[in-house]
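Handing you a structure now.
The values are calculated or read from the model by the stated rules, or taken from the named source; none is laboratory data. Predicted model only: the values in this text are computed from it and were never measured. Every residue, glycine as well, gets a Cβ built from its backbone with ideal geometry; the counts of neighbours run over all protein chains shown.
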Amino acid sequence: MIVQDIMTTNVKTVSPDQPVKDIALMMIMDHISGAPVVDTENNLVGIISEKDILQHMFPDLGEIMSDTHFDFENMETNYKDTMNAKISDIMTDGVDSIDVDMPCLKAASTMWLRKYRRIPVTKQGKLIGIISIGDVHRAIFKSCMTS
């Protein structure tokens, strides 16, 4: 079984120049936790997740350690500022992807070792799908149950 057999091809994507509020709305409405970021030619340029959004608004460890009274209530203002930022400002770039012809268990091993829940699938740099650990698990379970 290869990645192409089980990947999701109807992938929600965003562009780097969109505001963060677009992906935040998509996450809420579509019950997703992130999306690949692609350019106008569908080249994978990054990925954005809830973690990226929260990381942008939270203070770093140095800020917390240096302040005796950090204003956590003020972080709601930071969230509003984050919503107006561009996706390119907070996305993870240089993102890993896997090839469409990779065996499913190798894809799962890659995700497991890198602590990813899902990973984009590309062909010659173009996004063509996405696969999750759950996709692999379901496919293996299904094949075991029908054998």
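Go through the stretch 3-32 and give me each residue that's within 23 Å of GLY134 (Cβ to Cβ) and in contact with a strand residue (DSSP E or B) (Cβ under 6 Å, 6 or more places away or on another chain).
Those that are within 23 Å of GLY134 (Cβ to Cβ) and in contact with a strand residue (DSSP E or B) (Cβ under 6 Å, 6 or more places away or on another chain): VAL3, MET7, THR8, THR9, VAL11, LYS12, THR13, VAL14, ILE23.
Residues being touching a helix residue (DSSP H, G or I) at 6+ places or on another chain (Cβ under 7 Å) and not charged (D, E, K, R): count how many of those fall in the stretch 117-138.
Residues flagged as touching a helix residue (DSSP H, G or I) at 6+ places or on another chain (Cβ under 7 Å) and not charged (D, E, K, R) within the stretch 117-138 amount to 5.
Counting just the residues of the stretch 29-43 that are within 13 Å of SER88 (Cα to Cα) and among the hydrophobic types (A, V, I, L, M, F, W, C), which one comes out surrounded by the most Cβ atoms within 10 Å (Cβ to Cβ)?
In this case the residue turns out to be VAL37.
I've got another one for you. Check the stretch 92-103 and report whether any residue there is polar (S, T, N, Q) and in contact (Cβ under 8 Å) with a residue 24 or more places away in the chain.
Within the stretch 92-103 (the criterion being polar (S, T, N, Q) and in contact (Cβ under 8 Å) with a residue 24 or more places away in the chain), the answer is yes, since at least one residue qualifies.
Any idea how many residues of the stretch 1-12 are in a loop (DSSP other than H, G, I, E, B) and not hydroxyl-bearing (Ser, Thr, Tyr)?
5
Within the stretch 13-39, which residues are part of a loop (DSSP other than H, G, I, E, B) and at pLDDT 95 or above?
THR13, SER15, PRO16, ASP17, GLN18, ASP39
Select from the stretch 40-57 the residues that are at pLDDT below 90 and over 12 Å from the mean Cα position of the chain (by Cα) and list them in ascending order.
Passing the criteria: LEU54, GLN55, HIS56, MET57.
For the stretch 1-11, check the following and say yes or no: at least one residue is over 11 Å from the mean Cα position of the chain (by Cα) and free of Cβ contacts under 8 Å to residues at least 40 places away in the same chain.
yes
Also, quick follow-up: Give the residue that is surrounded by the most Cβ atoms within 10 Å (Cβ to Cβ), with candidates limited to residues of the stretch 97-126 that are under 14 Å from ASN43 (Cα atoms) and of a type in the set (Gly, Ala, Ser).
Among those residues, the one meeting the criterion is SER97.
Might you check whether a residue that is in contact with a Leu (Cβ under 7 Å, 6 or more places away or on another chain) and of a type in the set (A, V, I, L, M) occurs anywhere in the stretch 89-111?
Among the residues of the stretch 89-111, at least one is in contact with a Leu (Cβ under 7 Å, 6 or more places away or on another chain) and of a type in the set (A, V, I, L, M), which makes the answer yes.
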